[in-house]
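Novice: Below is one structure. I have some questions about it.
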Amino acid sequence: MTLEISAKAKAMQTQGIDICSFSAGEPDFDTPDHIKVAAQKALDAGKTRYGPAAGEPELRAAIAKKLQTDNQLHWEAQNIIVTNGGKHSLYNLMTVLIEAGDEVIIPAPYWVSYPEMVKLAGGTPVIVPTTAETDYKMTPDQLAAKITPQTKLLVFNSPSNPTGSVYTPEEVKAIAAVVAEHKQVYVVSDEIYEQILYGGMTHLSIGAVEAIRDRVIISNGFAKSYAMTGWRIGYAAATLELAQAMIKLQSHATSNVCTFAQYGAIAALEGTQAPLGTMMVAFTERRKYVLETIAQIPGIRCNTPMGAFYVWIDISALGLPSLEFCDRLLTDHHVAMIPGVAFGQDGCVRMSYATSLERIELGLERLSQFVGTLG
């Protein structure tokens, strides 16, 4: 559904219609120059041939160092697999770990691909609904109530897409304590937004909790923090057994990730981090404006996101299903948002503020006008 809305918005734009698009899940910044220069140098040096299916050794080592330094995750390079985007790392994992009859617990709202990947692997998604009262975060009691002998995996995403919610270190440890009691349960921690945080919020990787570290798989990538969405470079970190299984699968599915692009990723990790700071200044300003403006529109509300670049807008008081709401908003008022039903929770819509403040101001004015017509 996310792609359908985006496609319709783009089709309308080609007709000359001015669309305020808040559907994109990618930063509106260009990839930093030093990353592009590194990839260009790799091209000039002839880094255009097949590489190892698991990734360039230098990049795997750089990722391992990053995880050790930033996240207290003591993986070595051999535990890392470089994938075609963060999504690919998740798909690899689901394919090698999940079999028919396995259950996978997924808190909702969730990123749209999680349950589909589980089903493609033959597993059964077990959805845990969350509410605004818990800031759309699953509680330990909710998790414990869903675990059965068939539970194989928990999908854990913090900061969250689509809600922007962030589990505190204490909340992460509480979730980990439940997992620790069930030795058959693995956790895949999707940490793609880990560096996009607000208000002094800190990110604790659930893999850093010692009691379950050998049952945690980290999924991450370069798309969000380094504005490298089109580069398609992600990675997974796991036990040697799981990493080798994913490498074997990838060797038959896609082989290596684009060779010269991986040298850009090395520069992203080892070079200046200043561009992220510049991006965060803009995101912080936009977030403030969005929250203040939505608070003034009768009939809708949203929680305060502490990470990522989304707001999760509750439209349930307006009486429209989210898909109809988004379709009418786009068709009649030329604003693109994503219906919450795509993320497992109707009655809400996702707005991305990864666009200019000027477009945000215009789009929210149009949103206000649309909501006014529903009164």
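The values are calculated or read from the model by the stated rules, or taken from the named source; none is laboratory data. Everything numeric in this text was worked out from a predicted model, so none of it was measured. Positions of Cβ are backbone-derived with ideal geometry, glycine not excepted, and every protein chain shown enters the neighbour counts.
Novice: Within region 56-133, considering only strands (runs of 3 or more DSSP E) that don't extend past its boundaries, which have at least 3 residues that are assigned by TED's automatic domain parsing to the domain that holds residue 212 and at pLDDT below 95? Spell out the reasoning first.
Specialist: Numbers: elements: 80-83, 103-108, 124-129.
Filter on region 56-133 gives an empty set.
Novice: Would you point out which residue out of 24, 11, 7 is in the same structural domain as residue 356 (by TED's automatic domain parsing), without any contact (Cβ under 8 Å) to a residue 24 or more places away in the chain and within 22 Å of the chain's Cα centre (by Cα)?
Specialist: Numbers: 24 fails: without any contact (Cβ under 8 Å) to a residue 24 or more places away in the chain; 11 fails: within 22 Å of the chain's Cα centre (by Cα).
Criteria check complete, one pass: 7.
Novice: Further, regarding this structure: Mind checking which residues of region 317-375 are touching a Cys at 6+ places or on another chain (Cβ under 8 Å) and on the phi > 0 side of the Ramachandran plot?
Specialist: If the condition is that a residue be touching a Cys at 6+ places or on another chain (Cβ under 8 Å) and on the phi > 0 side of the Ramachandran plot, then 334 is the only one that fits.
Novice: Is one or more of the residues making up region 319-333 modelled with pLDDT of 95 or more, part of a loop (DSSP other than H, G, I, E, B), within 30 Å of residue 220 (Cα to Cα) and not assigned by TED's automatic domain parsing to the domain that holds residue 194?
Specialist: Looking through region 319-333, none of the residues is modelled with pLDDT of 95 or more, part of a loop (DSSP other than H, G, I, E, B), within 30 Å of residue 220 (Cα to Cα) and not assigned by TED's automatic domain parsing to the domain that holds residue 194.
Novice: Shifting gears a bit: Filter region 215-268 for residues that are in a loop (DSSP other than H, G, I, E, B) and of a type in the set (Val, Ile, Thr); which is farthest from residue 82 (Cα to Cα)?
Specialist: Within region 215-268, the first condition is being in a loop (DSSP other than H, G, I, E, B), and the residues that meet it are 222-228, 232-233, 238-239, 254-258.
With of a type in the set (Val, Ile, Thr) added as a condition, the list becomes 233, 239, 254, 257.
Values: 233: 7, 239: 15, 254: 11, 257: 7 Å.
Looking at the filtered set, the residue picked out is 239.
Novice: Is it fair to say residue 40 is touching a Ser or Thr at 6+ places or on another chain (Cβ under 9 Å) and either surrounded by 14 or more Cβ atoms within 10 Å (Cβ to Cβ) or under 24 Å from residue 279 (Cβ atoms) (or both)? Lay out the reasoning, then the answer.
Specialist: Values: touching a Ser or Thr at 6+ places or on another chain (Cβ under 9 Å): no; either surrounded by 14 or more Cβ atoms within 10 Å (Cβ to Cβ) or under 24 Å from residue 279 (Cβ atoms) (or both): yes.
Judged against the criteria, residue 40 is not a match.
Novice: Any residue at all in region 340-353 that's aromatic (Phe, Trp, Tyr) and out of contact with any Lys or Arg (no Cβ under 7 Å at 6 or more places or on another chain)? Step through it out loud before you land on a result.
Specialist: Filtering region 340-353 for residues aromatic (Phe, Trp, Tyr) gives 343, 353.
Pick out the ones that are also out of contact with any Lys or Arg (no Cβ under 7 Å at 6 or more places or on another chain) and you get none.
No, every residue in region 340-353 fails to be aromatic (Phe, Trp, Tyr) and out of contact with any Lys or Arg (no Cβ under 7 Å at 6 or more places or on another chain).
Novice: Can you tell me which condition residue 27 does not meet? The list is (1) over 19 Å from residue 270 (Cα atoms); (2) surrounded by fewer than 20 Cβ atoms within 10 Å (Cβ to Cβ); (3) out of contact with any strand residue (DSSP E or B) (no Cβ under 9 Å at 6 or more places or on another chain), and all the others hold.
Specialist: Just one mismatch for residue 27, condition (2).
Novice: Let me ask something else about it. Going by what's in this entry, would residue 141 be described as surrounded by 15 or more Cβ atoms within 10 Å (Cβ to Cβ) and not polar (S, T, N, Q)?
Specialist: Working: surrounded by 15 or more Cβ atoms within 10 Å (Cβ to Cβ): no; not polar (S, T, N, Q): yes.
No; evaluated as a whole, the condition is false for this residue.
Novice: Can you name every residue in region 125-158 that is without any contact (Cβ under 8 Å) to a residue 40 or more places away in the chain and over 21 Å from the mean Cα position of the chain (by Cα)?
Specialist: Within region 125-158, 133, 140, 141, 142, 144, 145, 149 qualify.
Novice: Just give me the residues in region 162-189 being among the small types (Gly, Ala, Ser) and either surrounded by 20 or more Cβ atoms within 10 Å (Cβ to Cβ) or assigned to a strand (DSSP E or B) (or both), in sequence order.
Specialist: First pass over region 162-189, keeping only residues among the small types (Gly, Ala, Ser): 164-165, 174, 176-177, 180, 189.
164, 165, 176, 189, listed by residue number.
Novice: Still on this structure, please answer the following. Output yes when any residue across region 42-55 is out of contact with any helix residue (DSSP H, G or I) (no Cβ under 7 Å at 6 or more places or on another chain), in a helix (DSSP H, G or I) and not assigned by TED's automatic domain parsing to the domain that holds residue 260, and no when none is. I'd like the intermediate steps shown before the answer.
Specialist: As a first pass, look at region 42-55 and keep what is out of contact with any helix residue (DSSP H, G or I) (no Cβ under 7 Å at 6 or more places or on another chain): 44-46, 50, 52.
Going one step further and asking which of them are in a helix (DSSP H, G or I), we end up with 44.
Filter once more, so that each one left must be not assigned by TED's automatic domain parsing to the domain that holds residue 260: none.
No, that holds for no residue.
Novice: Does region 83-127 hold any residues that are more than 22 Å from residue 165 (Cα to Cα) and among the aliphatic types (A, V, I, L, M), and which are they?
Specialist: The answer is 93, 94, 96, 97, 98, 100, 117, 118, 120, 121.
Novice: Quick check, is residue 298 in a loop (DSSP other than H, G, I, E, B), in contact (Cβ under 8 Å) with a residue 60 or more places away in the chain, within 22 Å of the chain's Cα centre (by Cα) and over 24 Å from residue 13 (Cβ atoms)? Explain how you work it out, then say what you get.
Specialist: Working: in a loop (DSSP other than H, G, I, E, B): yes; in contact (Cβ under 8 Å) with a residue 60 or more places away in the chain: yes; within 22 Å of the chain's Cα centre (by Cα): no; over 24 Å from residue 13 (Cβ atoms): yes.
So residue 298 does not fit the description; no.
Novice: Residues of region 190-212 being surrounded by 20 or more Cβ atoms within 10 Å (Cβ to Cβ) and of a type outside the set (A, V, I, L, M, F, W, C), which ones?
Specialist: Matches in region 190-212: 190, 191, 193, 194, 203, 205, 207.
Novice: Follow-up. Could you check residue 211 against (1) of a type in the set (Gly, Ala, Ser); (2) in contact (Cβ under 8 Å) with a residue 40 or more places away in the chain; (3) touching a helix residue (DSSP H, G or I) at 6+ places or on another chain (Cβ under 7 Å) and say which number it fails?
Specialist: The single condition residue 211 does not satisfy is (2).
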